[in-house]
Amino acid sequence: MNMGSEAVRECVKKITSGGSLTRECEALLAPLLRPDPVGGAQPTSAGPRWPKSCRATPPTPRCAAAATQPPVPAAAGSPLTRWRLAQIGGFLVALGPTDDPDVVGACAATMTDHAQQIKVDGISVDIVGTGGDGLVSSTTFSILSFRLCAALPALTRAACLMRQDTFNCSTACSFFVAACGTKVSKHGNRSASGNVGSADFLEGLGANIMLDADKVLATIDGCGFGFLFAQKFHPAMRFVMPARKVRPPARLRRLSRQRLTALTLRLQQQLGVPTVFNVLGPLTNPCRPTAQLIGVGKPHLAPLYAKIFASRDSKTMIVHSSEGLDEISIAAPTTAWICEGGKIREEQVTPDDFGLPTHSLDLLQGGTVEERCGWFTQIIDPALTDDQRGPKVCAIRDFCIINAAAALWVAGVAADYKAATAMIQEAIAGGKAKDTVAKYVEISKS
């Protein structure tokens with residue numbers, strides 16, 4: 001690990017434990033971020049500058065004392081809290097959405113160290129997507145919605161249609177993998193880029209997602225599936241979220257133009273731009289699974305993840321479809337990066353490799369929580385025929401089967417994709433998938 005990643009790791013430790021960045025942290029970061037030196041001297045080389053609000057010299061003596069003391073409770077609007085949030089925001093902006101695998105890996109390792117710890121014996125799998133799939137990036141979409149929502153609601157709705165909000169594949173296919181006898185430790189959160197996140201989907205099925213490590217282990221032992229709710233397992237993120245949070249466009253529609261202008265300045269202070277935390281989700285599963293299927297909505301993330309996972313003691317497949325999905329597509333070829341033993345192999349996969357037909361991408365899109373849970377209930381009902389399910393549900397089913405089959409192959413449970421597909425189809429037809437979902441909901445609520 002290089003000096004830059006060590007410095008970043010120390011700073012992430014500080015901000016995730018509720019502390020403030022000290023002179024020592026700034027000195028460590030100086031070679032990496034090239035900030036303005038304390039004292040006003042100008043930098044000798046070009047590069048990101050350390051924002052004034054997060055320099056080591058605090059605005060008040062009270063803050064100066066707090067910088068070297070353990071964190072203490074503070075009101076949301078207090079000078080201490082405002083200064084610490086400014087430091088965190090400055091650190092994140094200066095670091096930016098870096099593509100340095102050492103730096104991202106250091107941040108991920110620090111976040112995982114601060115998480116609730118959980119250990120699953122034997123093989124365990126995680127299936128997760130970064131989100132943000134579609135024709136518009138998450139950041140661009142947020143800015144577009146923010147700027148149009150007050151005056152042009154119709155255009156905002158049009159912007160929503162530009163995104164590919166596909167079915168919750170990673171959550172649904174996790175149940176398929178568990179039904180085939182392979183343990184799944186699913187790491188997820190509420191929706192960030194789509195309408196329905198994995199946590200929302202599981203709650204829609206009737207499950208309790210607010211489980212601690214012992215209870216998650218109980219669900220894995222009982223049915224093979226466990227959900228590690230990111231907000232529950234990463235409590236340290238509460239120190240970072242206020243500096244990253246952007247208020248939703250729905251609230252902005254009720255504001256006057258004058259208040260909207262004022263709020264714009266506040267949102268700019270609270271970032272609203274991509275940071276390193278946008279890419280850490282798939283890297284920070286506290287269970288440390290032995291096999292992972294990672295979907296990336298942005299192709300530039302794939303090489304970054306591949307380099308990080310190649311250095312880990314696990315097997316990982318990273319996928320990005322030609323349409324921009326963060327899953328293996330049922331409609332077009334998908335590029336896969338397979339990481340194992342320090343090596344990275346790139347290949348193309350198609351629905352034909354799994355022995356399944358192609359479907360239109362339109363059939364995978366849309367739906368409320370209730371609608372999606374209804375479709376999934378039809379998929380796992382062995383009493384229904386394909387005619388009764390209809391084209392949309394059959395397309396969603398095949399979409400989930402393809403990704404679940406890839407996960408089984410990565411875990412070493414199946415010899416090839418088609419063998420894995422047959423295992424899943426048998427689990428659905430035999431009622432094992434339905435039983436797995438029912439047991440998970442029951443255990444999570446007990």
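The values are calculated or read from the model by the stated rules, or taken from the named source; none is laboratory data. The model shown is predicted, which means the values in this text are computed figures rather than measured ones. Every residue, glycine as well, gets a Cβ built from its backbone with ideal geometry; the counts of neighbours run over all protein chains shown.
Side notes on the structure shown:
- Residues located in the range 287-322, provided they are in contact with a helix residue (DSSP H, G or I) (Cβ under 7 Å, 6 or more places away or on another chain) and assigned to a loop (DSSP other than H, G, I, E, B): Val296
- Within the range 106-124, considering residues that are in contact with a Lys or Arg (Cβ under 6 Å, 6 or more places away or on another chain) and of a type in the set (S, T, N, Q), the one modelled with the highest pLDDT: Ser124
- The set of residues from the range 407-432 being assigned to a helix (DSSP H, G or I) and out of contact with any Cys (no Cβ under 9 Å at 6 or more places or on another chain) comprises Trp409, Val410, Tyr417, Lys418, Ala419, Thr421, Ala422, Gln425, Ile428, Ala429.
- Pairs where the first residue, in the range 344-371, is small (Gly, Ala, Ser) and crowded, with 19+ Cβ neighbours inside 10 Å and the second is at pLDDT below 95 and not in a helix (DSSP H, G or I), C-beta under 6 Å, 6+ apart: none
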